[in-house]
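Visitor: Sharing a structure with you now.
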2 protein chains.
Amino acid sequence: MEMGVVVQKYGGTSVGSVERIQNVAERIQKTLNEGHQCVVVVSAMGKQTDELISLAKQISPHPPAREMDMLLTTGEQITIALLTMALQAKGIKARSFTGWQAGVNTNSIHGKASVTHVESVRLQQSLSNGEVAVVAGFQGVSIDGEITTLGRGGSDTTAVTLAAALQADYCEINTDVSGVFTADPRVVAQATKMDEISFEEMLELARLGAGVLHPRSVECALMHRVPLVVRSSFVDEPGTWLKEASQMEQTLSARGVAHDSDVARVKILGLPNQPESLPHVFSLLADEHINVDMIVQSEHDQDLIDVAFSLEESDGENAKRLLKSLQSKLAIKKVLYEDELAKVSVVGVGMMTRPGVAAKMFTTLSQAGIRIKMVSTSEIKISCLIDRAQTKEAVQLLHTAFELDAKQPASV
Amino acid sequence: MEMGVVVQKYGGTSVGSVERIQNVAERIQKTLNEGHQCVVVVSAMGKQTDELISLAKQISPHPPAREMDMLLTTGEQITIALLTMALQAKGIKARSFTGWQAGVNTNSIHGKASVTHVESVRLQQSLSNGEVAVVAGFQGVSIDGEITTLGRGGSDTTAVTLAAALQADYCEINTDVSGVFTADPRVVAQATKMDEISFEEMLELARLGAGVLHPRSVECALMHRVPLVVRSSFVDEPGTWLKEASQMEQTLSARGVAHDSDVARVKILGLPNQPESLPHVFSLLADEHINVDMIVQSEHDQDLIDVAFSLEESDGENAKRLLKSLQSKLAIKKVLYEDELAKVSVVGVGMMTRPGVAAKMFTTLSQAGIRIKMVSTSEIKISCLIDRAQTKEAVQLLHTAFELDAKQPASV
């Protein structure tokens, strides 16, 4: 049997207790028995990161990013030590590695560093010695020897990056759901687990709040052509494979329905139609790290334009304050704000080139009396902004309309 | 004013809560205001190390030393991040350093590594930038890039080692007592705090269980001629300075009375008088990490010898088991074990060269009906093994007999 490398990632819930860490050790043993070499990437245990953040906030309302990285990286360091002990207790050779020991080199942007390159010598030595290499996710080291973190979804990124560097057979993301579904199974009882999905579709689903994988890790896997599978940490099921679209059967219709409930909308009415107006507004928002999602611009008359954009509701107050400060300076007529919104999206590679997809979506929603407040489209999805109260109904109707319903309810 | 470097160490109790960490930040500010540059060495917060050990024990009865080091070093890393945040929140420039970042290089003996050398470039840069350098105590890095710990008293050793490497003006050990006393103030109300003590005396007191400083850190300070002061973390008092004996006023009598209550004794009766017998016994004990303290050997007749030694009572069961296993092999007549013992010691440089010191000690004890079970002496101390129940009485009587009593009760 060929001894290929497999990189497995286990998130915070999967290693949230001593018992769960021991379960993960069992899983690793199974993978070894199948004849693989194993690199395992883990996150901090359960609520540990939250507890550390709370300690920091007691000391400083705005703790410096460098010291937050110093603080938070202890979380994964605890997990790698405990998991390695659990493996050794089962008679499995294993060795733990912090980010810097694993050669995860990043730039110097504390709190959201990017991996620049991986020096995998130590990991390769460990594998050659027949050890399981247990690596702290989410963390790296800058060229100045500073400890950095990769930001949200960082452990997934660590796993995919190491898989690329080690030319692993595949990278396995173990999480608390058993794969990627055609819709959130808590909302749509008929949702089905997909056996495979293209990177591009997953990227849209991830961005649209499917919550299974962070977009950065999907981008990274796509870039390095790392085969990726999303599986359950708790149930031994096949999961969902991420593949290049070209390697998949041609998708003839929609692949899934995603939704995101944390959405608000800002409308700027009567903005002077000058070249610097729009850049000014959106630069200001970007400087404050407010992520703008859908943007719709319409010309009011020759002198004035209207702009509307959606954003996370948690950024709403901040955005309102910023735009208020701009209002007189840019001679804006009116700023309107609306929250309690949601975004529903239909996703599928090639879907948009088929006629009638948008029409079917709009018809389905409007027949149910669901008002569409904004629309945006990409190569592989259509998104509509609607009232949050109607989210569940919309997702269920679209799931049925695009013929995604399973014959039997899904098991999560 | 000259800008000399001061190394301050704060132990686990001193940084046991957010509030205490903030108090330490105040103390550091005071030191900066006095015109010093500051390197601060800290331990893990309060009971954190115990909690991590308990987690490990749930996973493995004998967790591997390398992974214990990986686990436990997170404790100090949390403290350095929080203390640095507290300093920055007060407007003080500060930067935290793990052991490897601070250049604390050690050998590869996990769990009780020794510092081989310090590469202080990063610390010196930090000081040049006007920062307080906050360093994780107790930890270092081996030549293979492995994270190591220095064992018990390791943070004191880190502080003294850094003080030596940085040619600090002095090293300050902040602890939960206000200095070194002529006896344990909980036992002797008339105990007084010493303004100064010689390294050699301190070394004996440390070994004899005075508990203020770990012997290794005192040895290290003595070796590198680092001026050392032991002070209270909580009260702003001068503390006790450790100096070379040659720089001190000549001590004419005893300097202090120490005691250690965790003592047991083993007597081996009728050991064949052969060259390999004694080495065999004590090598076996050493292999099991049993520290033997006082040793008395007497010749029984030409063929047989008796050996008695004292040890920590917690090692007693283990020692008995080992000797039982040897008994028939070495043809030992009898092994006796006695616990509930204590050691009381009178310490003072030059004391032993003065006649009558030993006589005064024996007389004082025997007049009070306290039986002396064993005696050992060094250049600067005499120790007697007695019944544990009589410890307090013995220490008080010796303190008075050697004219150490204060006019007024001491403040701890």
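Visitor: Regarding B:Asp315, is this residue crowded, with 19+ Cβ neighbours inside 10 Å and assigned by TED's automatic domain parsing to the domain that holds B:Asp287?
Guide: Here the answer is yes, as B:Asp315 does meet what is asked.
Visitor: When the residues of segment A:40-58 are filtered to those that are assigned to a helix (DSSP H, G or I) and within 11 Å of another protein chain (Cβ to nearest Cβ), which remaining residue is nearest to B:Gln58 (Cα to Cα)?
Guide: A:Gln48
Visitor: Which of the residues that make up segment A:174-191 are assigned to a loop (DSSP other than H, G, I, E, B) and closer than 19 Å to A:Thr391 by Cα?
Guide: Within segment A:174-191, A:Thr182, A:Ala183, A:Asp184, A:Pro185, A:Arg186, A:Val187, A:Val188, A:Ala189, A:Gln190, A:Ala191 meet the criteria.
Visitor: Now for a different question. Against the condition without any contact (Cβ under 8 Å) to a residue 40 or more places away in the chain and of a type in the set (D, E, K, R), how does B:Asp50 come out, does it pass?
Guide: For B:Asp50, the condition - without any contact (Cβ under 8 Å) to a residue 40 or more places away in the chain and of a type in the set (D, E, K, R) - is met.
Visitor: Next up: Has segment B:15-26 got at least one residue that is outside any helix (DSSP H, G or I) and either within 24 Å of B:Ala165 (Cα to Cα) or in contact (Cβ under 8 Å) with a residue 40 or more places away in the chain (or both)?
Guide: Scanning segment B:15-26 turns up at least one residue that is outside any helix (DSSP H, G or I) and either within 24 Å of B:Ala165 (Cα to Cα) or in contact (Cβ under 8 Å) with a residue 40 or more places away in the chain (or both).
Visitor: Based on this model, can you work out whether B:Asp293 counts as among the acidic types (Asp, Glu) and either over 20 Å from B:Glu204 (Cα atoms) or without any contact (Cβ under 8 Å) to a residue 12 or more places away in the chain (or both)?
Guide: The answer is no for B:Asp293.
Visitor: A:Lys93 fails exactly one of the following numbered conditions: (1) out of contact with any strand residue (DSSP E or B) (no Cβ under 8 Å at 6 or more places or on another chain); (2) at pLDDT 95 or above. What is the number of that condition?
Guide: The one condition A:Lys93 does not meet is (1).
Visitor: Within the group A:Ser14, A:Ser60, which residue is touching a strand residue (DSSP E or B) at 6+ places or on another chain (Cβ under 7 Å) and assigned by TED's automatic domain parsing to the domain that holds A:Ala168?
Guide: A:Ser14
Visitor: Can you give me the ranges of the helices (runs of 4 or more DSSP H) entirely in segment A:64-169 with at least 1 residues that are away from chain B (no Cβ under 14 Å), of a type outside the set (Asp, Glu) and open to solvent by 20 Å² or more (accessible area, probe 1.4 Å)?
Guide: Once the helices (runs of 4 or more DSSP H) in segment A:64-169 are filtered for at least 1 residues that are away from chain B (no Cβ under 14 Å), of a type outside the set (Asp, Glu) and open to solvent by 20 Å² or more (accessible area, probe 1.4 Å), what remains is A:121-128, A:154-165.
Visitor: I'd like the full set of residues that are open to solvent by less than 60 Å² (accessible area, probe 1.4 Å), away from chain B (no Cβ under 14 Å), out of contact with any Cys (no Cβ under 7 Å at 6 or more places or on another chain) and farther than 30 Å from B:Thr84 by Cβ, limited to segment A:10-39.
Guide: A:Tyr10, A:Ser14, A:Arg27, A:Gln29, A:Gly35, A:His36, A:Gln37, A:Cys38, A:Val39
Visitor: Given (1) open to solvent by 50 Å² or more (accessible area, probe 1.4 Å); (2) modelled with pLDDT under 85, where does B:Gln190 come up short, assuming only one miss?
Guide: (2)
Visitor: Got a number for residues in segment A:206-221 being open to solvent by 40 Å² or more (accessible area, probe 1.4 Å) and modelled with pLDDT of 85 or more?
Guide: Matching residues across segment A:206-221 total 1.
Visitor: Restricting attention to segment B:277-307, report how many residues are more than 17 Å from B:Arg388 (Cβ to Cβ), not charged (D, E, K, R) and not in a helix (DSSP H, G or I).
Guide: Final tally of qualifying residues: 13.
Visitor: Among the numbered criteria (1) touching a Lys or Arg at 6+ places or on another chain (Cβ under 8 Å); (2) more than 28 Å from A:Gly16 (Cα to Cα), which single criterion is violated by B:Gln125?
Guide: It is condition (1) that B:Gln125 fails.
Visitor: Only one residue in B:Asp306, B:Asp293 is at pLDDT below 90 and in contact with a His (Cβ under 6 Å, 6 or more places away or on another chain). Which one?
Guide: Within the list B:Asp306, B:Asp293, the selection yields B:Asp306.
The values are calculated or read from the model by the stated rules, or taken from the named source; none is laboratory data. All values derive from a computational prediction rather than experimental measurement. Here the Cβ is made from the backbone with ideal geometry for all residues, glycine too, and neighbour counts use every protein chain on show. Just the protein is used for accessible areas: all its heavy atoms, side chains included, with ligands, DNA and RNA removed. Shrake-Rupley method; radii C 1.70, N 1.55, O 1.52, S 1.80 Å.
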